[in-house]
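The values are calculated or read from the model by the stated rules, or taken from the named source; none is laboratory data. Note that the structure is a prediction, hence the values are computed from the model and not measured. Note that we place each Cβ from the backbone using ideal geometry, even for glycine, and neighbour counts take in every protein chain shown. Surface accessibility is based on the protein's heavy atoms, side chains included, excluding ligands, DNA and RNA. Shrake-Rupley method; radii C 1.70, N 1.55, O 1.52, S 1.80 Å.
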Amino acid sequence: MDSSCQLLRVEPTRLETLKHEPPIHEQRGRARDHTLTGGPLDQPALEAPRILLTATLRWTISARLAISFTDLGCHVEVACPAEHPAAKTRAVARIHAYGVFNVLRSLRAAIESAEPDLIIPCDDGAALHLHELYESCIARDWAEAALRALIARSLGNPEACSLATRRGTFMDLAGQEARVPKTTGIADDAALEAWIAANVFPAVLKIDRTWGGQGVSIVGNASEARTQFQAMASRPALSRAVVRTLLERDPSFVVNTFRTSRPTAVLQKLIIGMPANRAVACWQGKVLGGISVLVLETRHPMGPATVVRVIENAEMADAATRLVRRLGLTGLWGLDFVLESATGDAYLVEMNPRATPICHLALGENSTLSALIHGRLAGLASAPVASPASPATIALFPGEWQRDAASPYLRSEFEDIPWCEPELVAECMRKPWSERGALARLWSAVRPADRVVADEEFASGDFNTIVPREVGI
């Protein structure tokens, strides 16, 4: 990736809304043969493709993608919470506030202001909000129909964002296209008892609409299953949400406490093996390219990867291709697997309706997933072609540095640090938000000793996971 980090010219903000104007792609005189809902981009764009990245969490992936797309010549804007890492990079032309109390209104305002050619969600919450905004639009209203079409063009199939977080429903569909572990939906206590009577432990208990390592627990017996199901399916404690809101400077935790209803869970057969991921760039149900990695270290048990090794795995690649085609996906998506130790079989365990932390990594020479998407948007006559990624062990920044500053992986052959963005590097090396400031120091001093471990998991986003380290996923 180009490390020059040159800034694009920031165009003046246009105050008019979509309601009284022609479609966005016609306003800017795009020389393309397509509609907003998609189609071949066989002519070059007359100006830089415009990308809107959306994020509800302070993950760094949106900042890394902003750098990647800007280096390709795109105009990049980001909708995100306050104090987001994306604000620390010069690659972002403009930051839009992502509201907490009326998320769909703020998301709509960001889209109308940014006038993007493509919207890329960078976490699951952002993907779900795009689907909700899509569903809320009234097709008979011209501006609403244009917004629906833009979201559909960006995601391919907006319903797939919701499907990916409904684990039981998704695994039923995925089982028709890939190897998956046996998965059973658990809606209530009666369903849990029925599963216990008919199955053996250990198993993996997962709650719908959770991500980033949250809502996942390995249970070794019936007692653990009952205890974890009650804890995970219950409404979050308001006191806990208030504490996290104060520590993280993010009121969404309190807001979500009042919105949360009892979620559905699944129990999944435990596959003993190594976790693996595949990230893909796709367009209208066709995979343009992808990268597969074996996970060597994670931020916390069942959490995001911090060290990966690039691999080639035909079964993972085939499963991704089949699901992308089946669901008609567009954009950047990720899939989680477990490579079974005894057989080497690749079991698909989850799909991520968003860009994942490996999306910025190189695909061989002079190619990235971002470049493949840019090639389609720009209508390049010679769009980049994906080639096999070079095998490498990669310590992802800042995850591995935060996990263990003395990790030998930090001296791996591939350096995943955006040195061209010193402010972003400095921000990533700071303590997590929950550990900054006087309030965090006070909480650390007064909390009971038996809460220390729980609060460390809480700060990292892992509320309910109880996982023996050697088990894997």
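Listing for the model above:
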| quantity | calculated |
| --- | --- |
| Any pair with Cβ under 7 angstrom, 6 or more apart, that starts in region 168-189 at a residue that is open to solvent by less than 40 Å² (accessible area, probe 1.4 Å) and ends at one that is in a loop (DSSP other than H, G, I, E, B) and not aliphatic (A, V, I, L, M) | GLY168/THR264 |
| Tally of residues being more than 19 Å from VAL307 (Cα to Cα), of a type in the set (A, V, I, L, M, F, W, C) and crowded, with 22+ Cβ neighbours inside 10 Å across region 335-372 | 7 |
| Criterion: crowded, with 22+ Cβ neighbours inside 10 Å, closer than 30 Å to VAL78 by Cα and β-branched (Val, Ile, Thr) - qualifying residue of ILE111, ILE138 | ILE111 |
| Region 66-101: number of residues that are charged (D, E, K, R) and closer than 22 Å to GLU47 by Cα | 4 |
| Residue in region 280-287 that is modelled with pLDDT under 90 and among the charged types (D, E, K, R) present | no |
| Matching residues in region 296-315 - criterion: being buried (at least 23 other Cβ atoms within 10 Å of the Cβ) and among the hydrophobic types (A, V, I, L, M, F, W, C) | MET302, ALA305, VAL307, VAL308 |
| Subset of region 190-211 that is closer than 24 Å to MET351 by Cβ and β-branched (Val, Ile, Thr) - its residue that is surrounded by the fewest Cβ atoms within 10 Å (Cβ to Cβ) | THR210 |
| Residues that are within 30 Å of LYS431 (Cβ to Cβ), modelled with pLDDT under 95 and hydroxyl-bearing (Ser, Thr, Tyr), drawn from region 32-59 | THR56 |
| Elements of type strands (runs of 3 or more DSSP E) in region 132-222, at least 1 residues being at pLDDT below 95 and within 21 Å of the chain's Cα centre (by Cα) | 203-207, 216-219 |
| Enumeration of residues in region 77-106 that are under 17 Å from the mean Cα position of the chain (by Cα) and crowded, with 22+ Cβ neighbours inside 10 Å | VAL78, ALA79, CYS80, HIS84, PRO85, ALA86, TYR98 |
